[in-house]
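Everything below concerns the one structure shown next.
The values are calculated or read from the model by the stated rules, or taken from the named source; none is laboratory data. Because the structure is predicted, anything quoted here is derived from the model rather than measured. Backbone-built Cβ (ideal geometry, glycine too); neighbour counts: all protein chains shown.
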Amino acid sequence: MIFTRLVIVAAGLLFLWHILVSITGVPHYILPGPFPVGKSMLQNWPVLSTHLLTTMIEILAGLIIGTLLGCSCALTMILSPHLKRWMLPILVVSQAIPVFALAPILVLWLGYGLASKIAMAVLIIFFPVASSFYYGLRRTDPDLLELARIMEAGTLSTLRYIVIPSAMPAFASGLRVAVAVAPIGAVVGEWVGSSAGLGFYMLHANARMQVDKMFAALALLSVASLILYFSVDLILNKLIYWETTRELNHAHNE
Amino acid sequence: MIVPAHARKPDGLDAVSIVLDNVSLSFAGTVIFENLSLQVEGGKCTCLLGPSGCGKSTLLKMISGNTSIHYQGSISFSPRSRRGNMTAWMSQNDLLLPWMDVENNVLLGAKLRFKRDSHQRQQAAKFLTEAGLGEHATSLPAVLSGGMRQRVALLRTLMEDRPILLMDEPFSALDALTRIKLQNMAAQMTRGKTVLLVTHDPMEALRLGDKILVMAGNPAKVTAIFEPGGTTPRNADDGSVGKQYPLLLSKLLEQ
């Protein structure tokens, strides 16, 4: 199972971290060892878990809204060539704007609460999902569309049975990118202006030179992001069940 | 021996013929067809034999009603026995949807038209058994071999129950033995329907064609017509196959 390998890798990295800190004798306010960080995590667990919850709500809400918006945008563009002509340039141009630069503006407009962070996450998730889903929809096998036409299929059934399923692999790769990047959006939003969340906690811990707390928050965020990524990956693999036949051959080696 | 469960009697009453009258088509400066007139006889299998790229596939698309090909002249069906599309189409690519199981792929037409019912499902099950695919009804296409997939594609085409079958090199991607088996199956199951089969294999044309139209040239024209006689599928030891194969081959090679 992939989890055992992950655990082994994680344990290995922790071990290396410990060795590095012991050998180099680096001061604890630059790089604390894994044990002080672990201790800090356990000591501050009640506070940390509250902040974790806030950040995770921001990420998940952003993920859901961003995915829905991205899919709607892609479907609109594929259904209406007229609208597509206007939306596609906007989509392309907006990808060029560094989303993180918008963080202060979002905090200004939406405040210190959850809304601005969710908006950040939505912005980061929307683009990869919309563009990969759209291009997936466009790359439907033209012979399949020809077959559907000859069978006298309407637009809706062609979309439902042929175009959307064939675009699912592309959508999945876009979503995987989005899920990997989504936590960044939430955390950056928290750095710019917030009163809760792991990003906020890290910033304040850093300001007070409580580096072990900072690393504890970072470790927690990393673990949470990994769990999120693998959960989404699992769901996507279930969704795109027809491609698992290939992976079954690899699984025999595991 | 596959016994077709639903074959129409080849008495010509149900059979629909295709009439092309002075069809011309140009694309990007090249003239593909110029005043092409031909007739595809109802209830028989007509093979369009010719080299790749001469326009045979385009002709099939035109007959199937593709609105993005703007040609002059007329393509008509006689009689026009149903409203809507008179044709069912099958290509070299089996076009099976990987996310649907075999039964649903066979029933694809009905699904797309939101008209799937128990009668259709029974018919599909009957077809699958006839074709030797009964136990694969719930399998996904990915586990099937190329020959099995093309069999499913043939069944899907037959399920459409249209008077005209357009087949665009349906067996050319298969190995020789699978191809022969599938040709036999196709000949049995499409008996009585009007079939227009595009192929570049003269042997396939001789095995399956009641009439063979050799098509070549630029713009494409029918340069020869062969009528081998007898019933399809003809085997390699059939006299007419042996006699006409070299003639056909030389006709093709001289283009």
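Take the conditions (1) buried (at least 24 other Cβ atoms within 10 Å of the Cβ); (2) out of contact with any helix residue (DSSP H, G or I) (no Cβ under 8 Å at 6 or more places or on another chain); residue A:195 misses just one of them, which is (1). Per the listing A:156, A:144, A:203, the residue uniquely free of Cβ contacts under 8 Å to residues at least 24 places away in the same chain, part of a helix (DSSP H, G or I), away from chain B (no Cβ under 14 Å) and over 17 Å from residue A:58 (Cα atoms) is A:203. All of A:174, A:154, A:136, A:189 fail the test of being in the same structural domain as residue A:242 (by TED's automatic domain parsing), over 18 Å from residue A:73 (Cβ atoms) and under 23 Å from the mean Cα position of the chain (by Cα), apart from A:189. Comparison of B:34, B:41 shows that the only residue that is surrounded by 14 or more Cβ atoms within 10 Å (Cβ to Cβ), within 20 Å of residue B:86 (Cβ to Cβ) and either among the acidic types (Asp, Glu) or in contact (Cβ under 8 Å) with a residue 60 or more places away in the chain (or both) is B:41.
For (1) among the aliphatic types (A, V, I, L, M); (2) surrounded by fewer than 18 Cβ atoms within 10 Å (Cβ to Cβ); (3) more than 19 Å from the chain's Cα centre (by Cα), each residue gets a yes or a no:
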residue: A:45; (1), (2), (3): no, yes, yes
residue: A:79; (1), (2), (3): yes, yes, yes
residue: A:82; (1), (2), (3): no, yes, yes
residue: A:95; (1), (2), (3): no, yes, no
residue: A:103; (1), (2), (3): yes, no, no
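Residues in segment B:202-241 that are part of a loop (DSSP other than H, G, I, E, B), acidic (Asp, Glu) and within 14 Å of the chain's Cα centre (by Cα): B:210 alone. Screening residue B:50 with (1) within 14 Å of chain A (Cβ to nearest Cβ); (2) modelled with pLDDT under 90 gives one miss only, at (1). Residues in segment B:218-241 that are farther than 23 Å from residue B:36 by Cα and touching a helix residue (DSSP H, G or I) at 6+ places or on another chain (Cβ under 9 Å): B:228, B:229, B:230, B:231, B:232, B:233, B:234, B:235, B:236, B:238, B:240, B:241. The conditions of being in contact with a His (Cβ under 6 Å, 6 or more places away or on another chain) and touching a residue at least 60 places away in the same chain (Cβ under 8 Å) are met by residue A:197.
Of all the numbered requirements in (1) within 13 Å of another protein chain (Cβ to nearest Cβ); (2) assigned to a helix (DSSP H, G or I); (3) crowded, with 23+ Cβ neighbours inside 10 Å; (4) not β-branched (Val, Ile, Thr), residue B:142 misses one, and that requirement is (3). Restricting segment B:65-88 to residues that are of a type in the set (Gly, Ala, Ser), in a loop (DSSP other than H, G, I, E, B) and more than 20 Å from residue B:156 (Cα to Cα) leaves a set whose member that is nearest to the other protein chains (Cβ to nearest Cβ) is B:68. Just give me the residues in segment B:89-129 being outside any loop (DSSP other than H, G, I, E, B), closer than 25 Å to residue B:169 by Cβ, within 14 Å of another protein chain (Cβ to nearest Cβ) and out of contact with any strand residue (DSSP E or B) (no Cβ under 7 Å at 6 or more places or on another chain), in sequence order. Once the filter is applied, which keeps residues that are outside any loop (DSSP other than H, G, I, E, B), closer than 25 Å to residue B:169 by Cβ, within 14 Å of another protein chain (Cβ to nearest Cβ) and out of contact with any strand residue (DSSP E or B) (no Cβ under 7 Å at 6 or more places or on another chain), segment B:89-129 yields B:102, B:105, B:106, B:108, B:109, B:112. Of all residues in segment A:217-235, none satisfies the criterion of being more than 16 Å from residue A:67 (Cβ to Cβ) and of a type in the set (Asp, Glu). If you check B:178, B:138, B:157 for being within 16 Å of the chain's Cα centre (by Cα) and polar (S, T, N, Q), only one passes: B:157. For residue A:136, the conditions (1) within 14 Å of another protein chain (Cβ to nearest Cβ); (2) touching a residue at least 24 places away in the same chain (Cβ under 8 Å); (3) not in a helix (DSSP H, G or I) are fulfilled apart from (3).
Yes or no, residue by residue, for (1) over 24 Å from residue B:143 (Cα atoms); (2) at pLDDT below 90; (3) in a helix (DSSP H, G or I); (4) not assigned by TED's automatic domain parsing to the domain that holds residue A:110:
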{"residue": "A:179", "(1), (2), (3), (4)": "yes, no, yes, no"}
{"residue": "A:209", "(1), (2), (3), (4)": "yes, yes, no, no"}
{"residue": "A:216", "(1), (2), (3), (4)": "yes, no, yes, no"}
{"residue": "A:235", "(1), (2), (3), (4)": "no, no, yes, no"}
{"residue": "A:245", "(1), (2), (3), (4)": "no, yes, yes, no"}
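Applying the criterion of being assigned to a loop (DSSP other than H, G, I, E, B) and charged (D, E, K, R) to the residues of segment B:41-58, the residue that is nearest to residue B:187 (Cα to Cα) is B:44.
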